[in-house]
Amino acid sequence: MRTLVLNAGYEPLAVVSFKRALLLVMNQKATVLVHEEGNPVCAASGSWQRPSVILLTRYVRAPRAHRIPVTRRGVLRRDDHRCAYCGRSAATIDHVLPRSRGGRDTWENLVACCLRCNNVKSDRTPAEMGWELRFTPKMPHGRTWVVRGVERPLPQWSEFLAAAA
């Protein structure tokens, strides 16, 4: 089970295991804001509620990432694993302007692409193929792109992540 960690300003900092979260709570470094109902952690020394969201007791500044690094996983995540050309499930990425023609590895030039479209497009631009992108690719923004592990949020995290977006 995963736990969302917030700083004193209620900004998401990280996603940690429930064991790490429980250790922070037991050492008075954090307090539990939301816990998982009906799934306690039992040990020889007692029983505790399994934390889902914790708040650090002292302020920790959230890192400010001005430029989010481009990664294959990030491009697929940004595009919701959907092909930018046909909308089917995507497992690869494609350069809108091919690298052989000076295309760079940037958020604006990379899109998620299914294997079929990637092979058919090959070394051409979408305009040469008569294709249109389903959206304009751009760099993602928001706190959730800085915090690792928020790709698959739990339902009980929604109010905390909505405030950070």
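The values are calculated or read from the model by the stated rules, or taken from the named source; none is laboratory data. On a predicted model such as this, the values are computed, not experimentally measured, just so you know. Positions of Cβ are backbone-derived with ideal geometry, glycine not excepted, and every protein chain shown enters the neighbour counts.
Residue 76 - would you say it is part of a strand (DSSP E or B) and under 18 Å from the mean Cα position of the chain (by Cα)? So residue 76 does not fit the description; no.
From the list 140, 153, pick out the single residue that is crowded, with 16+ Cβ neighbours inside 10 Å, assigned to a loop (DSSP other than H, G, I, E, B) and modelled with pLDDT under 95. Steps first, please.
Values: 140 fails: crowded, with 16+ Cβ neighbours inside 10 Å.
Exactly one residue qualifies, and that residue is 153.
Candidates are the residues of region 79-122 that are over 21 Å from the mean Cα position of the chain (by Cα) and in contact (Cβ under 8 Å) with a residue 40 or more places away in the chain; the one that is farthest from residue 133 (Cα to Cα) is 96.
The set of residues from region 1-34 being of a type outside the set (Val, Ile, Thr), within 20 Å of residue 162 (Cβ to Cβ) and assigned to a strand (DSSP E or B) comprises 2, 4, 6, 12, 13, 14, 33.
Determine, yes or no, whether residue 52 is assigned by TED's automatic domain parsing to the domain that holds residue 30, out of contact with any Leu (no Cβ under 6 Å at 6 or more places or on another chain) and either surrounded by 15 or more Cβ atoms within 10 Å (Cβ to Cβ) or among the hydroxyl-bearing types (Ser, Thr, Tyr) (or both). When the stated conditions are applied, residue 52 passes them.
For region 126-135, which positions are farther than 14 Å from residue 87 by Cα and part of a loop (DSSP other than H, G, I, E, B)? Can you show your working first?
Keep residues of region 126-135 that are farther than 14 Å from residue 87 by Cα, which gives 126-130.
Within region 126-135, just 130 meets the criteria.
The requirement of being surrounded by 13 or more Cβ atoms within 10 Å (Cβ to Cβ) and in a loop (DSSP other than H, G, I, E, B) is not satisfied by residue 59.
Here's the yes/no breakdown for (1) in contact with a strand residue (DSSP E or B) (Cβ under 7 Å, 6 or more places away or on another chain); (2) at pLDDT below 90:
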| position | (1), (2) |
| --- | --- |
| 44 | no, yes |
| 59 | no, yes |
| 67 | no, yes |
| 70 | yes, no |
| 84 | yes, no |
| 104 | no, no |
| 110 | yes, no |
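Is it the case that residue 67 is under 17 Å from the mean Cα position of the chain (by Cα) and either assigned to a helix (DSSP H, G or I) or surrounded by fewer than 13 Cβ atoms within 10 Å (Cβ to Cβ) (or both)? Yes: the conditions hold for residue 67.
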